[in-house]
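This report refers to the structure that appears directly beneath it.
FYI, it's all coordinate maths here, none of it is from the lab. Since this is a predicted model, take the numbers as computed values, not measurements. With ideal geometry, Cβ positions are generated from the backbone for all residues, glycine too; neighbour counts draw on all protein chains shown.
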Amino acid sequence: VSTIPVPAAPAAYDVWIEPGALAELPARLDRDVAAAGYAIIADERVAGTLGAKLRAALAARGRPVTLHTHPSGEQAKTRATWAALTDALLASGLGRDGCVIALGGGVTGDLAGFVAATYMRGVAFVQVPTTLLAMVDAAVGGKTGVDTGAGKNLVGAFHAPRLVCSDPLVLRTLPDPVLRAGLAEVVKHGAIADAGYLAATVRDAARLLAREPEALGTAIARSVEIKARVVAADPRERGERATLNFGHTLAHALEREQRFQLAHGYAVAIGMAAAARIGEHAGVSEPGTAASLAAALAALELPTRLPRGTPLDALLDAARLDKKARAGRTRYVLLHRPGAVARNGAEWTFEVSDAAVRDALAAGADDVA
Ligand SMILES: NC(=O)c1ccc[n+]([C@@H]2O[C@H](COP(=O)([O-])OP(=O)(O)OC[C@H]3O[C@@H](n4cnc5c(N)ncnc54)[C@H](O)[C@@H]3O)[C@@H](O)[C@H]2O)c1
Ligand SMILES: [Zn+2]
């Protein structure tokens with residue numbers, strides 16, 4: 001059992017990580033998040049199983065509870081879905097003393113969080129993440145929102161949950177690629193903050209891939225600690241929080257270039273491997289950083305190379321749209337060595353020219369088909 005306290009405004013909240021936690025959630029809500037009624041917002045894939053169970057368990061304790069579903073997938077993370085869910089909550093009679101429970105992956109958490117942030121100007125919110133990515137990343141930090149035609153996550157709000165309940169047992173039904181996509185963010189946390197954690201992740205790779213609840217619980221707890229510490233240091237994303245974007249400059253570009261057909265975690269794996277090589281090429285990262293990161297990713301069955309035939313020009317153009325870019329120049333989070341992010345004076349990112357990125361990617365590589 002792990003409980004990680006996360007400092008946040010208006011109040012700190014606990015991330016509770018335990019195999020079997022979901023079954024204990026109704027009792028915990030009674031104690032810590034008492035509300036006049038509960039609205040569960042669930043991904044349609046988990047609504048029939050986990051959602052129905054949670055609703056029944058809350059109803060058995062005499063709690064007014066409703067269950068609302070949304071279609072699964074990133075395409076559902078829209079203002080239209082937000083409006084439909086909000087209307088459903090209004091029709092159900094949920095009041096300002098009610099509580100929204102997000103049950104699903106990061107899509108559900110972002111969507112339901114934004115519903116909770118805006119419903120009657122903000123109601124209590126509980127995150128019950130059901131993907132590894134949501135447990136180690138999306139459910140912590142208080143960012144909520146939806147996508148628009150102009151891009152991902154462009155409309156949203158900061159709205160901290162009152163409690164996050166992560167039960168590694170629910171990950172048993174997760175498809176392999178979705179599990180591995182979450183493991184990419186686990187590698188990221190080790191790479192930027194904790195060499196021992198990175199090594200442990202490699203050592204436990206087989207147990208993590210086999211979804212052993214103890215191994216997953218340990219990783220989730222360490223990742224949450226790391227993310228929580230960074231978020232606490234920089235709640236509004238003005239500085240250090242950029243380090244959580246390690247690997248994401250090229251990942252986002254690659255996702256865009258591949259029209260979002262490549263899973264985010266796979267793009268992040270490729271982006272981290274590339275950033276490690278860029279860092280070494282730029283003389284910022286210690287020699288061996290790139291090899292060690294690539295080996296860690298490979299141990300978790302994640303890709304480390306750009307898909308064959310990726311047009312580098314288009315990729316570098318897309319990278320210029322990254323939120324870290326300044327004055328049209330792309331900036332990268334680089335490692336000092338595995339387990340430690342590199343500082344650039346007072347800054348957390350480095351400007352790297354396209355030519356240097358190209359050289360780093362081409363050096364001894366088969367990236368450029
Ligand atoms: N708010 C943040 O700080 C933050 C951080 C990182 C990512 N995100 C967001 O998270 C989203 C990605 O999250 P995700 O990877 O969890 O995607 P997701 O929510 O789409 O879930 C991935 C897939 O897994 C399925 N699924 C969920 N739980 C399952 C279970 N227990 N068993 C079987 N299948 C299950 C879903 O139906 C979906 O098909 C993106 O929209 C991203 O923007 C937000
Ligand atoms: Zn990510």
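Observations on the structure shown:
- Global form of region 108-156, assessed from the alpha-carbon gyration tensor, a/c cut-off 1.5: oblate
- Among 175, 202, 154 the positive-end extreme of the charge dipole of the chain (Cβ point charges): 154
- Taking a ≥ b ≥ c as the square roots of the Cα gyration tensor eigenvalues, region 244-369 comes out rounded, since a/c falls below 1.5.
- Listed peptides 117-126, 194-203 by packing density, highest first (mean Cβ within 10 Å): 117-126, 194-203
- The ellipsoid equivalent to the alpha-carbon distribution of region 172-240 has semi-axes of 23, 13, 10 angstrom, derived from the gyration tensor eigenvalues as √(5λ) and listed largest first.
- Unit charges at the beta carbon, dipole of region 53-186: most positive-side option, 99, 111, 86: 99
- Sequence ranges 1-9, 238-246, 268-276, ranked by mean other-Cβ count within 10 angstrom, highest first: 268-276, 238-246, 1-9
- When +1 charges are put on Lys and Arg Cβ atoms and -1 charges on Asp and Glu Cβ atoms, the dipole computed for region 123-198 relative to its Cα centre reaches about 100 debye.
- Based on every Cα atom in region 248-292, Rg and the maximum pairwise Cα distance Dmax equal 11.6, 34 Å.
- Cα pair distances exceeding 32 angstrom across the chain, given as percent: 30
- Annotation: for a label point projected 7 angstrom from Cα along Cα→Cβ of residue 118, residues of region 154-169 with backbone N closer than 19 Å are 154-161.
- Segment residue 359-residue 320, extension gain: residue separation times 0.36 nm, minus the distance between their alpha carbons: 12.3 nm
- Rounded to the nearest 20, the Cβ-based charge dipole of region 31-82 about its Cα centre (Lys and Arg +1, Asp and Glu -1) stands at 180 debye.
- Protection proxy ranking, peptides 181-190, 35-44, 165-174, 136-145, average beta carbon neighbours within 10 Å, highest first: 181-190, 136-145, 35-44, 165-174
- Against the chain, whose longest principal axis is taken from its Cα atoms, helix 213-233 shows a tilt of about 80°.
- Cα gyration tensor shape for region 1-120, rounded if a/c is under 1.5, else prolate or oblate: rounded
- The Rg/Rh ratio of region 50-132, with both radii computed over alpha carbons and Rh defined as the Kirkwood radius, is 0.94.
- Under 20 Å of direct C-alpha separation, and excluding same-chain neighbours fewer than eight residues apart, residue 143 reaches these aspartates and glutamates: 14, 43, 74, 110, 185, 225, 234, 237, 240, 322.
- Simple rule: put +1 on each Lys or Arg Cβ and -1 on each Asp or Glu Cβ in the chain, find the dipole, and look at 290, 253, 273; the Cα lying farthest toward the positive end is 253.
- Mean residue ellipticity (222 nm) of the chain, computed from DSSP H runs ≥ 4 via -39,500 (n - 2.57), nearest 500: -13000 deg cm²/dmol
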